[in-house]
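Worksheet: the structure to be examined is printed underneath.
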Amino acid sequence: MPQGKHNHSPLTPFLVWTERHLTQRQFILLLSFFVGIGAALAAQILKWLIANIEHLLIGRFDITSANQLLLVYPVVGIFLTALFIKYVVRDDISHGVTKILYAISRGQGKIKRHNCWSSVVASALTIGFGGSVGAESPIVLTGSAIGSRIGKAFHLDHKSLMLLIGCGASGAVAGIFKAPIAGLVFTLEVLMLDLTMASLLPLLVSCLTATCVTYALTGTEAMFAFRMDEAFRVERIPSSILLGVFCGLISLYFTRTMNAFEQVFGRIGGLWPRLALGGGTLALLIFLFPPLYGEGYGTISTLLAGSNAESVMNNSFFYGHTDWLLPYLGLIILLKVFATTATNGGGGCGGTFAPSLFLGCIGGFAFSSVWNQFLPFGIHIPETNYALLGMAGVMSGVFHAPLTGVFLIAELTGGYDLFLPLMIVSAASYLTIHTFEPHSIYSMRLARKGELLTHHKDRSVLTLMSLDAVIERDRPRISPDMNLGQIVQVVSKVKAIHFAVTDIKGNLIGIINVNSLRKIIFRSELYRMYKAEQLMQKPTLLLRTDDSMQSVMDKFQSVAAATLPVVNSEGHFEGFVSKTRLYSLYRQIIKDFSEE
């Protein structure tokens, strides 16, 4: 049951009742139910805000020509979002799923309180005004924050808190997409939580609750209307595999280009230069290619409908030029990543769920159109079916989550009859991108720092460990001018072998090993003859406070040392780490990690 005291808390009556009537497992199931409700309501509030802002701004545009207001709206949206984040939130709320991964891996499940609402407001402003990103990642962060806050309110242990964070994320995906299975699989594949069968039940409760709440508010229809024109046939397997490879290459291009463009924004300091580059780039791209406005779900609905595909060129200079449809779609595939990165880099807030679905739909439609028009194989492939398959392919590649891609697209569209080709395309896409890029777009930032939790249990345990938790900082320090007598007085009071010799600024200059002093330590006549700078030894190897735990373990193994000193990035001595204490923490986390 909840840990800690709950005196003088508004929750006290509820806690007392649960302790008397519910087991620990039943209590977690109850909390997962509330998390699912919260995540679904947050998702619907965000979708409502985005839809109404978009309708207010562009609902009356003339579709036969380009509209110059598209040069203004995206910049205004990014600017308002940047001001909101800087002066109201006062915290970085971008890269929502990456923040969840960090909270799971290094933050001990801590997600800030403002994340329960700040991402909803920021992403509504960004996307409603045209930001070329998705609302799903902000909602996933919001759902996880709700789970985290509920867990903190009831003083849950670390493992239960992590589970509620997963419930929030899965409930958010299930609620916003009406896709309970996809929500469950997303938590396992993308957040990479290793859960037992008993732990899956709270996730399932959260997903089902969120989906039912969404059904009650918006109806039970699938998010996208899809009608399968032709059933899948065996002779289309080769084209499905090729589509998967194509989607994998699109995913690789999207991931690598986004990462490179993000680094450009990372080198730009200040709000105004970032807004100028991001807002200017986004506005120009949306003005030339209006389908890049917002989430792009209108374009997806058009292509899945299978009729009047040329309407994607409405509001642009290409209106009426039906012969330019394929080049137009090809340019959108190439430029979408710049619009998405410019949105977030310029100060906006949004995720890559919607861009992945958008790119996949266009990629699948373009692939099938080229196949039918230019390749003389004599095997016709339905464009609407392949637009649907492309959505699963790009999502699987970008997120490195083939099962999420399969189930999400099937649930989004009701296209369950295409389960086999969905699996083929998703698997081919995943294998293609994994050949070149081992981490998803979400996890690559943490993977480079060694802060990513994975399904590899040993690596996961190392990730959950903290170097700061095993540093011994209470040993006295020795100055280089102390004589042997003074050193003996210092070391006799502490049960330790190694002591640091530091200068006046706290920089480590040497190590004194008490064992090396045994020949002279009992000869009092030598106490004034030797000083610390004569007795110390240069450390064979140093640990740094920014070392990953894998690096710490490797350093211990490379020198077979029992104790190593730790310094910070400026060379200041922080303390010692002993192998005994390190392995004790490792065994404890292994035990906690494995217990149900």
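In whole percent, what relative contact order does region 477-545 give with Cα contacts below 8 Å and a gap of six or more residues?
Computed value for region 477-545: 40 percent relative contact order.
Taking only the Cα atoms of region 352-405, the ratio Rg/Rh comes out at 1.06, with Rh defined as the Kirkwood radius. Holding the Cα-Cα limit at 19 Å, pick out from 86/112; 495/538; 112/152 the pairs that are longer than that. Too far apart for the 19 Å limit: 495/538. Entry note, the chain: relative contact order of 16 percent, from Cα contacts under 8 Å with a spacing of 6+ residues.
Under the definition of Cα pairs under 8 Å and six or more residues apart, what whole-number percent is the relative contact order of region 308-449? Relative CO of region 308-449 lands at 17 percent. Peptide packing: for 203-215, 295-307, 335-347, 503-515, the average count of neighbouring Cβ atoms within 10 Å per residue gives the ranking 335-347, 203-215, 295-307, 503-515, highest mean first. Can you name the helices of the chain, as whole DSSP H runs, whose Cα span along the helix axis is 20 Å or more and whose Kyte-Doolittle mean is not below -0.5? Long hydrophobic helices here: 24-58, 136-153, 158-177, 197-218, 237-266, 271-288, 325-345, 353-374, 383-399, 419-436.
Across the chain, counting alpha-carbon atoms alone, Rg and Dmax equal 28.6, 101 Å. Over the Cα atoms of region 337-435, the radius of gyration divided by the Kirkwood radius equals 1.03; this is the Rg/Rh ratio.
Shown here for region 140-244: trypsin sites (Lys or Arg not before Pro) in loop regions (DSSP other than H, G, I, E, B) with at most 16 other Cβ atoms within 10 Å, namely 227, 233.
Each peptide in 240-246, 555-561 receives the mean, over its residues, of other Cβ atoms within 10 Å, and ordering these scores from highest gives 240-246, 555-561.
Building the convex hull from the alpha-carbon atoms of region 481-543 and averaging its projection over directions returns 4.6 nm². Residue 536 contributes an accessible area of around 40 Å² to the protein surface, as traced by a 1.4 Å probe with all chains present.
For region 290-361, the equivalent ellipsoid derived from the Cα gyration tensor has semi-axes of 22, 13, 10 Å, listed largest first. With the helix formula -39500 (n - 2.57) applied to DSSP H stretches of n ≥ 4, the chain reaches a computed 222 nm mean residue ellipticity of -19000 deg cm²/dmol.
The values are calculated or read from the model by the stated rules, or taken from the named source; none is laboratory data. Keep in mind that this is a model prediction, so the values were computed, not measured. Every residue, glycine as well, gets a Cβ built from its backbone with ideal geometry; the counts of neighbours run over all protein chains shown. We work out accessible area using only protein heavy atoms, side chains counted, and drop any ligands, DNA or RNA first. Shrake-Rupley method; radii C 1.70, N 1.55, O 1.52, S 1.80 Å.
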